[in-house]
1. Pairs please, first residue from segment 333-350 and under 16 Å from Leu231 (Cα atoms), second anywhere and charged (D, E, K, R) and part of a strand (DSSP E or B), Cβ atoms under 6 Å, 6+ apart in sequence or on different chains.
2. Kindly list the number of the only condition in (1) of a type in the set (Lys, Arg); (2) out of contact with any Gly (no Cβ under 7 Å at 6 or more places or on another chain); (3) buried (at least 17 other Cβ atoms within 10 Å of the Cβ) that fails for Lys95.
3. Which ones in segment 98-119 are surrounded by fewer than 20 Cβ atoms within 10 Å (Cβ to Cβ) and among the basic types (Lys, Arg)?
4. Out of the residues in segment 309-361 meeting the condition of being outside any loop (DSSP other than H, G, I, E, B) and basic (Lys, Arg), tell me which one is farthest from Asp296 (Cα to Cα).
5. Are any of the residues in segment 352-360 assigned by TED's automatic domain parsing to the domain that holds Ser229, of a type in the set (Gly, Ala, Ser), surrounded by fewer than 21 Cβ atoms within 10 Å (Cβ to Cβ) and modelled with pLDDT of 90 or more?
6. Mind counting the residues in segment 52-80 that are closer than 12 Å to Gly32 by Cα and in contact with an Asp or Glu (Cβ under 9 Å, 6 or more places away or on another chain)?
7. Check His257 against each of (1) out of contact with any helix residue (DSSP H, G or I) (no Cβ under 7 Å at 6 or more places or on another chain); (2) closer than 20 Å to Gln315 by Cα; (3) at pLDDT 90 or above and name the one condition it does not meet.
Amino acid sequence: MQEETIVAIATPPGRGGVGIIRLSGPNAYAIGLHLTLKKQLSPRLATYASFLNDFGDVMDSGLILFFKAPHSFTGEDVVEIQAHGSPVVLDMLMKRCVNLGARLARPGEFSERAFLNDKMDLTQAEAIADLIHASSETAARLAIRSLQGDFSKKINALNEKLIYLRMYVEAAIDFPEEEIDFLGDGKIAGMLSDLLHDVKAIRSMATQGSLIREGLSVVIAGKPNAGKSTLINSLAGRDVAIVTDIAGTTRDVMREHILLDDLPLHLIDTAGLRESDDVVEKEGIKRAWQEVSQADCVLMVIDIHDKNKAAELSQAIQTKLPPHVPVIKIFNKIDTANLKPSQRGNDIFLSAKSGLGINLLKAKIKELVGYQPAEGQFIARRRHLVALNQAEELLLNGQLQLHDARAGELLAEDLRLAHLSLCEITGEFTSDDLLGKIFSSFCIGK
């Protein structure tokens, strides 16, 4: 239990009908009594009261609610003040609470206290922030599922199986005089195989949840006048970029955010890639290459009439990217060559101007990044995927230790490290630095 009492405004900045101030900590109840001059506050009962300043003058009136520990969001005594949503009034009430002994809360400190007081695990705490920042109905639904513990239950079930397997392996190591060959009887191999299957299944679901939460950085690149700006306009469904017949119209990076079947796409239109003596255009080209190198997916736009000249640019783009980043070649302006929309592998033939073939492109993007909406059962973050990948690699290495070397001690160590990786997801074993980074990204009132 924390010794300090914290206070923060829990409603968004700006004017509104109601503004909420939240207090949490050992002195929250006493501060509520001093603020209202009430003799007592009944738990979970809204009480109408006047809120008084240091001199006993009324600053505002509204409702005050008390949630007694441990039956509160943070697990501590919590008081919520519902006043009028004037920034001036809320500021006056905040100052009064500070004068009565509270301190201003850090971003995410209420959720951090809830985590530290075992009111929720780390994935549930993160889901609060993900729900607040959800960019689609699907993202909101998945965040709610994580908040309700869907993700945590799957990780906890993995850990239970892993703990049992660790115990079995440790027993095989500690009692070598037993006549039964524990390492070779097939039971450990079977349990390890089942565990790997479960980890892969959960990682697949987490990948979908991460895609929905974080989206994809999709960079549109190509030679000048290939139709890049027309393509971003077509994908966005509105005119976000200037389109002219003059090569080099786009000089700077332009960004647009869209939803593709609830998959957030962060579209980035870039300057045409060519040699140039123009200082401004050279800077735009430099920034274009920077965006390409950081992309999750690259749309390489090629004028259908210049398709025989695309090899050099394609090679240049590939050298800037890790092997796993997909590149889709888009042969644009098929309407000027009397061609129909088509697809050949990762090559799409379309007309950005008329929209012919755009649906082929959208389907190809989803295919290459492995997006499958039906599989996303909870929201997930990149750190969750990293931990799941680490656990899978360690379990695969453990299989090698078992089958090739029959090295029980090395298998036990791999299982221990895999267990730690999974525990990092829910926060059972998590460094203070990571906790600080996670909660600092929250709203102040959460």
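The values are calculated or read from the model by the stated rules, or taken from the named source; none is laboratory data. Predicted model, so just to flag it, every value in this text is computed and none were measured. Positions of Cβ are generated from backbone atoms using ideal geometry, with glycine treated the same way; all protein chains shown enter the neighbour counts.
1. Between residues of segment 333-350 that are under 16 Å from Leu231 (Cα atoms) and residues that are charged (D, E, K, R) and part of a strand (DSSP E or B), the close pairs are Lys333/Asp303; Asp347/Lys329.
2. So Lys95 meets the others, but not (3).
3. Here is the first cut: in segment 98-119, the ones surrounded by fewer than 20 Cβ atoms within 10 Å (Cβ to Cβ) are 98-101, 103-104, 106-107, 116-119.
Once the filter is applied, which keeps residues that are surrounded by fewer than 20 Cβ atoms within 10 Å (Cβ to Cβ) and among the basic types (Lys, Arg), segment 98-119 yields Arg103, Arg106, Lys119.
4. Restricting attention to segment 309-361, the residues satisfying the condition of being outside any loop (DSSP other than H, G, I, E, B) are 309-319, 327-332, 334-336, 342-344, 347-349, 358-361.
From what's left, basic (Lys, Arg): 309, 329, 344.
On the way: Lys309: 25, Lys329: 15, Arg344: 21 Å.
Per the stated criteria, the residue is Lys309.
5. Going residue by residue through segment 352-360, those that are assigned by TED's automatic domain parsing to the domain that holds Ser229 are 352-360.
Of the ones still in play, those that are also of a type in the set (Gly, Ala, Ser) are 352, 354-355, 357.
Next, only the ones that are surrounded by fewer than 21 Cβ atoms within 10 Å (Cβ to Cβ) stay: 354-355.
Filter once more, so that each one left must be modelled with pLDDT of 90 or more: 354-355.
The answer is yes; a qualifying residue exists.
6. 5
7. The failed condition is (2).
To keep it simple, each residue is scored yes or no on (1) more than 19 Å from Met94 (Cβ to Cβ); (2) of a type outside the set (A, V, I, L, M, F, W, C); (3) in contact with a Leu (Cβ under 8 Å, 6 or more places away or on another chain).
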{"position": "Gly32", "(1), (2), (3)": "no, yes, yes"}
{"position": "Pro43", "(1), (2), (3)": "yes, yes, no"}
{"position": "Tyr48", "(1), (2), (3)": "yes, yes, yes"}
{"position": "Leu63", "(1), (2), (3)": "no, no, no"}
